[in-house]
Amino acid sequence: PSYRIASIPGDGIGPEVVSATIQVVEKLAKTLGTFNIDFTHIPWGTQYYKEHGKYVSDDCLETLRKFDAGLFGATISLCGASSWPSAAPLQLYANVRPVRTFPGTKCPLNTATEGIDWMLVRENSEGEYSGQGGRSHIDQEWEAATEVAMFTRVGIKRIMRFAFETAQSRPKKHLIVVTKSNSMRNGMVLWDKVAAEVSKDFPDVKWEKMLVDAMTVRMVAKPQSIDTIVGTNLHMDILSDLAAGLAGSIGVAPSSNLDPTRKNPSIFEPVHGSAFDITGKGVANPVATFWSAAEMLIWIGEKDAAAKLMHCVETVCAAGVLTPDLGGTANTQGVVDAVCDEIEKF
Ligand code: NAI
Ligand code: MG
């Protein structure tokens, strides 16, 4: 099979980690010889803004729809909200973040023997980041602002179904539904209600409800009691950063923006941002984007290639070829070369 991938490098270290990943994935495709993959560059970000007065071309969504998937680097935050800036119009309603202790990373928790292995599912299209609300400019001192969290039964049901399916596909078959239904008596109560309804279709999945504040403590104190977590846009935005920190480094954390109906191409991206403090130094850790590309390969149907890619990346990290964020001395290209050497062995 042949796949067409939109590459959207973006800003800062985005182009560095995306170009590193394209080298590795092209090497993998060439070495295995079982599939073809073709990357097409789509400009998005400040460079495009300087030239055209906007961050991306007006027809970019139509352009994206023609691809099998997208690999995104990072941009400066355009809307200050969701990870992938166009998650809502493309209905990429499931943001999925696998979190596990990676070879070479130091986990700040005392979980070295077993490590962390979680799957975080974030509602990616509504909720607290729906952009509803406003500010009254009547009087400066008494100015008021509202931020309306918008939840729909359809929106909750589809993410809940996806989360139960995800939990079901993992060995522990365990799901934690995170809400704040003790204090937020409308949307969060609807979440709990829909969770209970959807759970009836998944009798083999053990599930429980957790309030988001208590969940932060559980993640730190009892990491082994957790497998799959589902929550709202805001709650999981925060919990997933906590999870990336607990697992060791943001430099290895991947994410997927999925349209589980597969009507639109899904977009895969590292969790980190454009990291302007290290841009141009050639030391950005490409592992988060490698792992995101592996998730992309799984999604488009190349499970075996994805497993092989992750095997090579983990071998290289375990051998100590690490960028400075993980305490190593390798640069981005050094990690790329080491992974390509590993791939060569297939
Ligand atoms: P950041 O993730 O860009 O950087 C946080 C810290 O982690 C920095 O010290 C950076 O050097 C380090 N870091 C991040 N990725 C790394 C990598 N691959 N290798 C080594 N070190 C790495 O977050 P920050 O500084 O809060 O945001 C910078 C910009 O990125 C902002 O404009 C923000 O809005 C944007 N951003 C964009 C995202 C996206 O496009 N999906 C996600 C998060 C932030
Ligand atoms: Mg975030």
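Quick notes
- Residue in the range 56-69 that is assigned to a strand (DSSP E or B), closer than 21 Å to Val271 by Cα and in contact (Cβ under 8 Å) with a residue 24 or more places away in the chain present: yes
- Restricting the range 266-279 to residues that are aliphatic (A, V, I, L, M) and under 26 Å from Asp68 (Cβ atoms) leaves a set whose member that is farthest from ligand 1 (Cβ to nearest atom) is Ile267.
- Residue check, Asn285 within 13 Å of ligand 1 (Cβ to nearest atom), assigned by TED's automatic domain parsing to the domain that holds Tyr3 and of a type outside the set (A, V, I, L, M, F, W, C): yes
- Among the residues of the range 317-338, just one is under 18 Å from Pro15 (Cβ atoms), under 22 Å from the mean Cα position of the chain (by Cα) and either of a type in the set (Lys, Arg) or in a loop (DSSP other than H, G, I, E, B) (or both), namely Thr323.
- Segments classed as strands (runs of 3 or more DSSP E), wholly inside the range 185-265, with at least 2 members that are within 16 Å of ligand 1 (Cβ to nearest atom): 254-258
- Members of the range 281-295 that are assigned to a loop (DSSP other than H, G, I, E, B), of a type outside the set (D, E, K, R) and either crowded, with 24+ Cβ neighbours inside 10 Å or without any contact (Cβ under 8 Å) to a residue 60 or more places away in the chain (or both): Val283, Ala284, Asn285, Pro286
- Close Cβ contacts (under 6 Å, 6 or more residues apart or on different chains) running from residues in the range 229-241 that are crowded, with 22+ Cβ neighbours inside 10 Å to residues that are in a helix (DSSP H, G or I) comprise Val230/Ala163; His235/Val212.
- Test: residue in the range 263-276 that is of a type outside the set (Asp, Glu), more than 12 Å from the chain's Cα centre (by Cα) and over 18 Å from Pro9 (Cβ atoms): yes
- Per-region count, the range 266-280, residues part of a loop (DSSP other than H, G, I, E, B) and on the phi < 0 side of the Ramachandran plot: 8
- Qualifying residue in the range 167-179 (condition: of a type in the set (S, T, N, Q) and touching a helix residue (DSSP H, G or I) at 6+ places or on another chain (Cβ under 6 Å)): yes
The values are calculated or read from the model by the stated rules, or taken from the named source; none is laboratory data. In this text the structure is predicted, and so the values were computed from the model without any measurement. A quick note on method: Cβ atoms are made from the backbone with ideal geometry, for glycine too, and the neighbour counts reach across all protein chains shown.
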